[in-house]
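Reviewing the structure listed below.
The values are calculated or read from the model by the stated rules, or taken from the named source; none is laboratory data. Just so it is clear, the structure is predicted and the values come from calculations on it, not from any experiment. Neighbour counts run over all protein chains shown; Cβ positions are idealised from the backbone, glycine included. Side chains are part of the model used for accessible areas, which takes the heavy atoms of the whole protein and leaves out ligands, DNA and RNA. Shrake-Rupley method; radii C 1.70, N 1.55, O 1.52, S 1.80 Å.
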Amino acid sequence: APRHAQSVLFRSVMGMCFDAGGNMFISDQKASQLLYLARKSGMTRVRAMDDKGVRLTSRGCVCLRYWHANATADVCVSGNCRALCRENPEAAALMANASLKPGISSVADLPPCAATDFCSSEGSGSVEWCSIDPNAEGQPDYCKDSTSSPWGFCGLDGPLVDFALAQESAILGNELRIERIEAGATQQAIQSLVARLSDDLWLTSTTDQATILVGFVYADAAKCTTTCCGFSPRTLETASVSGTSCSLNTTADVNTLLASALLSGGGTVSLVYLDAASLVLSEDILVEDCEHRCELDRHCKSFMVGYDSTLQRVAPGSTCYFFGNNNPFYAFILDRSAIEGIDFATADAAAFAAARKKFGTPSSPFSRLFSVEYGVHVTTDGLHSRDLVSEQAVHDVGLFLDDCQDKCIRNAECFAVLYPSCFLLNENASNRIRFAQNLGYGSAASTASGTPAGASTAVFVKQNARDAVSAVAGISGIFARSGAGRGSASAPSVASRTPLNRPGSCAVNSKGEPHFVDVWNQQVRKVSGLTVSCLHMHTARGNEAQFDADIAAYTSAVANVSQACESEGRMQTIFDALQDAARKHTSQPMRDRFCEFADGPSDKAATVFYTNYTNNTIVLCNLCQDLSPRPAVCPWESFCTCRSAISALLQTKVYRECQAPNSYHDEWHSFASSYVMCWGMPPLEAEWLTNATKRGSLLQSLQSS
């Protein structure tokens, strides 16, 4: 059965190859299997809306951007009522053919909006959540559960992500951070701050121990004879404050700032902090909320939280910290006393091989985010990390473990390495790691006689639920003798039930058929009839950039269709029906509900319009796009935006060059292809666009409706 790609444990990978669509085949020799890792492009479903098309949060609370404090409903359609306010851009469309309360006949009669930013983002991040309490604003009916906190993230995707729990483990760097600027810092304020700073400028109080002071901004350029008064310049992530931005890396830098002309005579600067992206668990904020936030943030790869190893559960009241990479997590300590006196500048390979044996087995240190005294933490730029050797300005990403350990051996300051991603640690850091090794992970509530309180952690790793590894050929753990189940050209065997014997290297032909070496059976095998998604290839060297651009254009077009066609509840209902039909390879719903606008108003005036003119989607979307206010007989804006996005998908090179049988099995290709029939409109329908007289008559009727 397919398994999540990130959780698969290979036994002996001896071959790897790719087809033109970027799908991977892997030969696992010891498992005696050929495996397949598809680069999925399945249909993304965004379900975070109610039946009126209003966005919901992860807590099931309505997240209206435009609303007002009057709880009385202004608009009712088929018994579903909702309040409207004047600035809502969808107000006119929602009011059309709706039951309105007395005194309201147009948008101008609606009350003004009391809030225009119900869903807000933190800093420059992409994660949004509801920041206004509907209960406090007199609209508790907008929350499904108004008795609890309506807090929650906005716009949660469908079940495309899950999380794997790694108990008693820690990630020791690469956490996501958010820039924060505090203006008006005086000399006195900074002086009092110094007592709360570590040498590498981490704040040391328990409430903000994950915050780092990284710089300052000054506005009075006349106070410095050089840029930043001798400090290194720093680029701000946001333009929330004007002036020159400079770096602070150590307490010595802060003392230099205190003595500088920038703070003399009552001068002030703005201090720049980096806060670790986090959520504090409470009765209202659960681990599920941490998962939701990480799922919605494309930068987030995992999160770490305090863990009670005795009870095997997340520690109550702990903090979730979010990470952009899932490394480093292992530490290897070097017994440097065992290699003293050796000149490694001139040593041979044998000397390095012997020295590498002086590294201990891998261990999992505590994280500094959870234990200031005993934890370890590294940074990719080498700054604000007490644990790195002084010479490591930038870490090495792609080194093998042996190469990383050799680098440590050459550096007299290095007493340990963190891996993956090679970080060289100083002696103090190695002592903290030894402390964790001696204690092991214990209860999060332990005292000094055991694990430090709060130091034990667990990591939740985000996994893409659509990326799965499945077996193509071979039976795991069964090694076929020569001649067993080998098949022949006249009687080929079923690949998934064919025992292999130590498969090796592989290659994929232009049809997407993998060829691989069945080493101990002395055969070259081919898997035929394997159906995959649309393949795409470039045929000449030097075309890699164009290949990547084609793939990116197709991926972007697919994402645009999802976003456009799921932007409103009523449109999403149609979109879901069209997707289901495409999976069944039937096009009738596309003809009935999308090529023609069948969901328009049904009153007498609208019926006469559709009878005398047309309900063709292409015609109406073309002529309605510039009309304001938008006539009720026009397809909704979300409808036309969805149509345009599908049309753009059809123009991509990947779509146009996708061939059978792959096109038949690619869900997006099948879906987009079903729309092609809409382009084959009858000639009489096309005349509403091509015949000037008929076009003018239709446009005049629309403008007067």
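Could you please let me know if A219 is small (G, A, S) and open to solvent by less than 10 Å² (accessible area, probe 1.4 Å)? So A219 fails the test.
Only one of G265, G230 is over 21 Å from L201 (Cβ atoms) and more than 32 Å from the chain's Cα centre (by Cα). Can you tell me which? Answer to the check: G265. Annotation note: of W679, W688, W668, the sole residue that is in contact with a helix residue (DSSP H, G or I) (Cβ under 8 Å, 6 or more places away or on another chain) and exposed (fewer than 13 other Cβ atoms within 10 Å of the Cβ) is W679. Of the set (1) buried (at least 18 other Cβ atoms within 10 Å of the Cβ); (2) modelled with pLDDT of 95 or more; (3) of a type outside the set (F, W, Y), all apply to S247 but (1). With the requirement that a residue be open to solvent by less than 10 Å² (accessible area, probe 1.4 Å) and touching a helix residue (DSSP H, G or I) at 6+ places or on another chain (Cβ under 8 Å), what does the range 360-376 give you? Matches in the range 360-376: P365, F366, G375, V376. Residue selection: A598 fails the criterion of being among the hydrophobic types (A, V, I, L, M, F, W, C) and within 22 Å of L649 (Cβ to Cβ). Scanning the range 426-480 for residues that are in contact with a Leu (Cβ under 9 Å, 6 or more places away or on another chain), under 30 Å from V8 (Cβ atoms), surrounded by fewer than 19 Cβ atoms within 10 Å (Cβ to Cβ) and at pLDDT below 60 gives I478, F479. Taken over the range 341-359, the criterion of being of a type in the set (G, A, S), surrounded by 15 or more Cβ atoms within 10 Å (Cβ to Cβ) and in a loop (DSSP other than H, G, I, E, B) is satisfied by A347 alone. Filtered by the rule that a residue be open to solvent by less than 30 Å² (accessible area, probe 1.4 Å) and touching a residue at least 60 places away in the same chain (Cβ under 8 Å), the range 256-284 gives L257, L258, L263, G267, V269, S270, L271, V272, Y273, L274, A276, A277. Return yes or no: is H292 in contact with a strand residue (DSSP E or B) (Cβ under 9 Å, 6 or more places away or on another chain), assigned to a helix (DSSP H, G or I) and open to solvent by 20 Å² or more (accessible area, probe 1.4 Å)? Yes; evaluated as a whole, the condition is true for this residue.
Against the test of being modelled with pLDDT under 75, open to solvent by 40 Å² or more (accessible area, probe 1.4 Å), among the charged types (D, E, K, R) and more than 20 Å from L84 (Cα to Cα), the options D141, D145, D133, D162 yield a single qualifying residue, D145. Looking at this structure, is V241 under 15 Å from A276 (Cα atoms) and β-branched (V, I, T)? Judged against the criteria, V241 is not a match. Of the residues making up the range 512-527, those that are open to solvent by less than 10 Å² (accessible area, probe 1.4 Å) and either touching a Leu at 6+ places or on another chain (Cβ under 6 Å) or among the basic types (K, R) (or both) are G512, F516, D518. The single condition among (1) part of a helix (DSSP H, G or I); (2) open to solvent by 20 Å² or more (accessible area, probe 1.4 Å); (3) modelled with pLDDT of 90 or more; (4) among the hydrophobic types (A, V, I, L, M, F, W, C) that A632 does not meet is (1). In the range 570-599, how many residues are of a type outside the set (A, V, I, L, M), free of Cβ contacts under 8 Å to residues at least 60 places away in the same chain and in a helix (DSSP H, G or I)? Going through the range 570-599 one residue at a time, the tally reaches 6.
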